[in-house]
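> Quick one: this structure, given as structure tokens, is what I'll be asking you about.
The values are calculated or read from the model by the stated rules, or taken from the named source; none is laboratory data. Here the structure is a predicted model, which is why all the values come from computation and not from measurement. Virtual Cβ from ideal backbone geometry, glycine too; neighbours counted across all protein chains shown.
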Amino acid sequence: MLNVIRIVTVVLLVGFTVSCAKRPPATTPPPPTTAAPPVTEAAPPAPPPAPTPTTTVVEDRTVVPVVPDEGVSNRPLEELNKLLKPAFFQLNSAELDDAGRAVVTSNADLMRKNQTWAITIEGHADERGTAEYNLALGERRALAVKTYLVSLGVAADRLRTVSYGKEFPFDPGHNESAWSKNRRAHFQITSK
């Protein structure tokens, strides 16, 4: 029986070897020859395009072209922050009145011309009321200004809000004249 297995194994091996030997080797056609492209010098890079005006839709839905203000953006931040005026509020109010909207609109024009600026809107209150109440009121004021700026076409991702309540008054006095200056949204350019 062992001899039969050996014979069968030898026959199978010979058959396998013969069948493999009869197959022609696989050939692949050579790749087509092409001429190499001529070597040319690369053209110098094109100059950067001039700033293109963007458009912004303002409250009355008219389109306003926005052109970067090159002269302003080169100034130091201390100077630039003097260009943005604060918006003032009535007692216990976070609503922008006509005068406040005019100030914010003017600031928005400057912000749209300098679209790389990041702005922090600080909400402030006068000294009357609790610290908690004034912090909440300052936050509502800052958010009201941010919402209005966004409606004027200033990108929301450029705006940050913070409330200081009564902590940083413009005027340290203790009368209505001082308090009216302290109820405000103050603008601070944090990067340009």
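> For the stretch 118-131, how many residues meet the condition of being surrounded by fewer than 20 Cβ atoms within 10 Å (Cβ to Cβ) and in contact (Cβ under 8 Å) with a residue 24 or more places away in the chain? Reasoning before the result, please.
Our first condition is that a residue be surrounded by fewer than 20 Cβ atoms within 10 Å (Cβ to Cβ); within the stretch 118-131, this holds for 118, 120, 127-131.
Narrowing the set further to residues that are in contact (Cβ under 8 Å) with a residue 24 or more places away in the chain leaves 118, 120, 127-129, 131.
Here the count works out to 6.
> Let me ask something additional. For TYR164, indicate whether it is in contact with a His (Cβ under 9 Å, 6 or more places away or on another chain), modelled with pLDDT of 95 or more and surrounded by fewer than 18 Cβ atoms within 10 Å (Cβ to Cβ). Please lay out each step first, then the result.
On the way: in contact with a His (Cβ under 9 Å, 6 or more places away or on another chain): yes; modelled with pLDDT of 95 or more: yes; surrounded by fewer than 18 Cβ atoms within 10 Å (Cβ to Cβ): yes.
Judged against the criteria, TYR164 is a match.
> Name the single residue, out of those in the stretch 178-192 being of a type in the set (A, V, I, L, M) and in a strand (DSSP E or B), that is surrounded by the most Cβ atoms within 10 Å (Cβ to Cβ).
Of all residues in the stretch 178-192, those of a type in the set (A, V, I, L, M) come to 178, 185, 189.
Subset that is in a strand (DSSP E or B): 185, 189.
Working: ALA185: 29, ILE189: 19.
Result: ALA185.
> Can you list residue pairs whose Cβ atoms sit under 8 Å apart, with the first residue in the stretch 176-189 being under 20 Å from LYS146 (Cα atoms) and the second being surrounded by 19 or more Cβ atoms within 10 Å (Cβ to Cβ) and polar (S, T, N, Q)? Count only pairs 6 or more apart in sequence or on different chains.
PHE187/ASN107
> Let me ask another. Is there a residue in the stretch 143-151 that is touching a residue at least 40 places away in the same chain (Cβ under 8 Å) and part of a loop (DSSP other than H, G, I, E, B)?
no
> Then there is this: If you check GLN90 against the conditions, is it under 17 Å from LYS146 (Cβ atoms) and either under 25 Å from the mean Cα position of the chain (by Cα) or not basic (Lys, Arg) (or both)? Explain how you work it out, then say what you get.
On the way: under 17 Å from LYS146 (Cβ atoms): no; either under 25 Å from the mean Cα position of the chain (by Cα) or not basic (Lys, Arg) (or both): yes.
Taking the combined requirement at face value, the residue does not satisfy it.
> Given ASN74, ASN114, ASN81, which one is polar (S, T, N, Q), at pLDDT below 95 and more than 28 Å from ARG183 (Cα to Cα)?
Values: ASN114 fails: more than 28 Å from ARG183 (Cα to Cα); ASN81 fails: more than 28 Å from ARG183 (Cα to Cα).
One residue alone meets the criteria, ASN74.
> How many of the residues making up the stretch 70-99 are closer than 24 Å to LYS166 by Cβ and either surrounded by fewer than 16 Cβ atoms within 10 Å (Cβ to Cβ) or without any contact (Cβ under 8 Å) to a residue 60 or more places away in the chain (or both)?
Filtering the stretch 70-99 for residues closer than 24 Å to LYS166 by Cβ gives 81-82, 84-97, 99.
Pick out the ones that are also either surrounded by fewer than 16 Cβ atoms within 10 Å (Cβ to Cβ) or without any contact (Cβ under 8 Å) to a residue 60 or more places away in the chain (or both) and you get 81-82, 85, 90-97, 99.
Counting residues in the stretch 70-99 that are closer than 24 Å to LYS166 by Cβ and either surrounded by fewer than 16 Cβ atoms within 10 Å (Cβ to Cβ) or without any contact (Cβ under 8 Å) to a residue 60 or more places away in the chain (or both) gives 12.
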